[in-house]
């Protein structure tokens, strides 16, 4: 999922003959990477620095890696996000990619990748087993902390 | 995975990264937190956010923040939503639940609304998860009850007093700001009135250096995130930055929230009326249907239900019945007698009066009272007037306080015959 209706490149800045079709003339293309609605709302915060700069076109894709994919199509539609499929995104080269979550095969994206937290900093373990219960025995184990920052 | 840059919001995270994954430290960039910056930039406009959320002057806003999962507020303690609406006087408090999108999309919005339906009927505000109404709510809030989710941390960092209704120690990274917040905030006690607990949290919040210190862990580059992120992006893209400064903007004001559809019958309410030393009546009303184990917030209430209330628990025992207008050809007194026959517990039947906010009331012993608000009327004018008349059988001018605002009710009592044939105008 969720291919929000665009299996082919439908945004003109990505076309080979872009100069013929574009209105503004962006010189850089940024890929915003969505995992679910949570990370998408956060991603829009992170992309605010591009407001007001017609030299930059942002397009969005979704990794299809989250357990919470419902609602992404509605979100991208409601916010009118220029959306391309994950397959399309992997076939393109971008000047920058920004991701507010760590799931999915981000390493396949052809772009300098900026990763950011999708909440207030880094506070949660993602993979801790519930039955671990008491966390004291894990003191000194470095693994969970690595995961909490970046996979 | 080898990202080009790992954005951190605080220098403290770099130390944790150094311990956990030292090879990633050279990639880390401390760029603050754009969300926190925008929340802070919104604070001067708190009154505007409160008005946009529909708060009346004098009303308070409690924000319930829930992340997702079994340890979250909704996962571990959904009953707290009930308690908030049951124990906080409904004229004085609005309760808003800011729920993590993963709850919404994991179970389905319909299902979440269905689970919360009794609370939505009692006025719970439940903003749609893809909006940023939660940001406006945190800026507008008087108090929060939260869990280990980011919104709780943002609320605490903004200086809002609050409590924990749940906390997932199991999933919180040891030594993280959230971990410290879990240790610093009081848990909601099951047997103490919630309003009292919130008041205690509010009294202790100003000057709480421990909470201020935790709030400071949200960003070590306050108000500079837009600037630092832009610098990072443009350097990675090898493009010159725009000339204008990158400044955090206040959060957009929420559009008017879509009204919840509601039934024509107002919820039955317990009214707690207390007379102050100066003879003023302080009235607090609570939804009857949400009461559970009493924690002491309802010492001596009377019960108010509308005629037509389908739940016999309320219709049979209500002290006050808010009556339907008389049928065509029926007098007020005839209608009141019909109400008394159908509601065995009822002492006072109240009708909307002929003025916009007036009230015509009958007591079971035949007394008839008309009353009208001198000057402004409170919201739910007839129900408030009925409770005032019920509680204060004497006096021509009743001073009534609801949700911190004062109102004056003028009364004219008539006994005996002479009015029994009067028919309502129109």
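Quick note: the coordinates plus some simple rules give every number you see, no bench work behind them. Every value quoted in this text rests on a predicted model; they were computed, and no experiment measured them. Note: ideal-geometry Cβ built from the backbone for every residue, glycine included; neighbour counts use all protein chains shown.
Taking chain B as a Gaussian network of alpha-carbon nodes connected by springs under 10 Å, the highest mean-square fluctuation of the residues B:270, B:105, B:154 belongs to B:105.
Relative to one another, the C-alpha centroids of the stretch B:73-133 and the stretch A:62-94 are positioned 28 Å apart. Note the full-extension length gain between residue B:79 and residue B:19 as 0.36 nm times their separation in residues minus their Cα-Cα distance, in nm to one decimal. Length difference between fully extended and current span is 17.6 nm.
Rank the residues A:20, B:205, B:40 as a footprinting-exposure proxy: fewest other Cβ atoms within 10 Å of their Cβ go first. Before the final figure, lay out each step's value.
Values: A:20 8, B:205 16, B:40 19.
With the sparsest Cβ surroundings first, the list reads A:20, B:205, B:40.
Relative to the longest principal axis of the Cα atoms of chain B, helix B:11-20 runs at roughly 60 degrees. By the helix-only formula, in which each DSSP H run with n ≥ 4 contributes -39500 (n - 2.57) and the sum is divided by residues, the protein assembly as shown has a 222 nm mean residue ellipticity of -8000 deg cm²/dmol. Inter-chain neighbour count for A:43-54: the average number of beta-carbon atoms from partner chains within 10 Å of each residue's beta-carbon is 6.
With both labels modelled 7 Å from their Cα along Cα-to-Cβ, the residue B:210 to residue A:25 distance reads 6.2 nm.
Of the residues B:395, B:345, B:358, the one that moves most in a GNM of chain B with alpha-carbon contacts below 10 Å is B:395.
Only Cα pairs under 8 Å and at least 6 apart count here; give the relative contact order of chain B as a rounded whole percent. Before the final figure, lay out each step's value.
On the way: 780 pairs, mean separation 63.5, N = 426.
RCO, chain B: 15 percent.
Note: relative contact order over the stretch B:269-414, using C-alpha pairs below 8 Å and six or more positions apart, is 21 percent. Between B:378, B:344, B:127, the residue with the greatest mean-square fluctuation in the GNM of chain B (Cα pairs under 10 Å linked by springs) is B:344. Taking the longest Cα principal axis of chain B as reference, the axis of helix B:332-342 is set at about 70 degrees.
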